[in-house]
Amino acid sequence: MCKIGIIQGRLSKRPYPKLQGFPTDTWEQEFKYAEEIGFYSIEWIFEKNRFKENPIWSKEGRQRINNIIKKTNVKVSSLCADYFLENPFFRRINYSIKENINILKELIKQSSEIGVKVILLPILENAEIRCEEDKKILYEVISQSLNILEDYDMNIGIETELAADEYLNLVKMFNHNNVGIYYDTGNCAAKGYDMKSDMEKLFNYIINIHIKDRLQNGGSVFLGTGDTNFKEGIPYLMKKGFDGPFILQAYYEDDFKNTAEYNYSYIKNLIKRGY
C-alpha cells in the first residue's frame, strides 16, 4: 500500500490566521496522534522564525525526535524548508547567497540524523522564479549542495507553481538524480492545471507529493470540495507504481484530529482504486 504522511501542524490547534507553522508546544503529541490514525510519517517544518530553537537544529533536539520516532514508529522522511520561503534566494538587498547555501548544507546534515530523505525547497510566492537570473541563482545554490546530498543519500524536491513543461525543464536543468519534483496538488489546481495531465508529464521526476485541495484561482478548501483532480490523478499514480509518500497538507479548522482521520481515509480509498 502506498504510504501516507502528514505535515506538522495539521495534528495541532490551527495557528490562526495561518494554515501552517511549526507546532512548538505539541510536536511530540502529534506523533502519537499520527500513530493512532495510521500515518506512515510526519513532514518536519523548518521556518526562519526562531529557527535555532527548532529541535532539529540541536543534538539534544534530534535525540528527542529520534526517541519519539522509535516509540511511535512514525517516520520523518521529509522536511519542508519554509525557511527559504521566508528567506528567499532571490531579489534581496545586502544579502550573501552563501548564507542560504550554508543553512541548506547544515540542514541536510542535521535532517539525515532523523531519517529525512527529501528536503522540500519552496520556490513559489515571494520566492518564485521571475526571470532567468533567478534560475541561475537557484542552479548555483542547489549545485553547491549536490555533493552533500550524495554523501547523505538525500534528495531535494523543488516545489513550484509553474506549468508542467516549465516545471520539467527547471528540474532537468540540474541533470542530477538527487534533484526532483515535489508536486503540490492544490497549488497546481489553483493555477488551473490538471493533476492527471501533470502526472503524465512529470511522473519520472516526482519525488514527493503534497495533498491539498484548492479552488481554481482560489484558496485551500477541505479535501474533495475543490478543483483538484484527485479521482483520476491518484489512481493514475498507483498504476504507474508510485509508492509515496503522499503528504497531507490539507485545509483544516478547529477539529484537527477528525479532519486528519477523514483526509487519511479519503486518500487511502483513492489509492485503493488504482490497484
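The values are calculated or read from the model by the stated rules, or taken from the named source; none is laboratory data. Only a predicted model underlies this, so the values are computations on that prediction, with no experimental measurement involved. Glycine also receives a Cβ, built like all others from the backbone with ideal geometry; neighbour counts cover every protein chain displayed.
Number of residues in segment 56-71 that are surrounded by fewer than 20 Cβ atoms within 10 Å (Cβ to Cβ) and either in contact with a strand residue (DSSP E or B) (Cβ under 9 Å, 6 or more places away or on another chain) or charged (D, E, K, R) (or both): the value is 7. Got at least one residue in segment 175-190 being polar (S, T, N, Q), closer than 18 Å to Ala163 by Cβ and at pLDDT 95 or above? Looking for residues that are polar (S, T, N, Q), closer than 18 Å to Ala163 by Cβ and at pLDDT 95 or above, one finds at least one in segment 175-190, hence yes.
The set of residues in segment 92-141 being of a type in the set (Lys, Arg), assigned to a loop (DSSP other than H, G, I, E, B) and surrounded by 15 or more Cβ atoms within 10 Å (Cβ to Cβ) consists of Lys117 alone. Say whether the condition of being farther than 24 Å from Asp198 by Cβ and at pLDDT 95 or above is met by at least one residue in segment 115-128. Yes; the residues of segment 115-128 include at least one that is farther than 24 Å from Asp198 by Cβ and at pLDDT 95 or above. One residue stands out in segment 100-132 among those that are of a type in the set (Asp, Glu) and touching a residue at least 12 places away in the same chain (Cβ under 8 Å): the one that is farthest from Gln8 (Cα to Cα), namely Glu128. The condition of being closer than 23 Å to Ala260 by Cβ, in contact (Cβ under 8 Å) with a residue 40 or more places away in the chain and either of a type in the set (Gly, Ala, Ser) or buried (at least 21 other Cβ atoms within 10 Å of the Cβ) (or both) holds for only one of Leu19, Leu11, that being Leu11. So, Gly244, is that one buried (at least 17 other Cβ atoms within 10 Å of the Cβ) and at positive phi or not? Yes; evaluated as a whole, the condition is true for this residue. Any residue at all in segment 178-185 that is surrounded by 15 or more Cβ atoms within 10 Å (Cβ to Cβ), under 16 Å from the mean Cα position of the chain (by Cα) and part of a loop (DSSP other than H, G, I, E, B)? Yes - at least one qualifying residue is present in segment 178-185.
Pull up segment 186-219, narrow it to residues that are among the polar types (S, T, N, Q) and over 16 Å from the mean Cα position of the chain (by Cα), then point me to the one that is nearest to Ile156 (Cα to Cα).
Quick first cut of segment 186-219, residues among the polar types (S, T, N, Q) only: 187, 197, 204, 208, 216-217.
Now restrict to residues that are over 16 Å from the mean Cα position of the chain (by Cα): 197, 204, 216-217.
On the way: Ser197: 23, Asn204: 15, Gln216: 28, Asn217: 28 Å.
Here the residue is Asn204.
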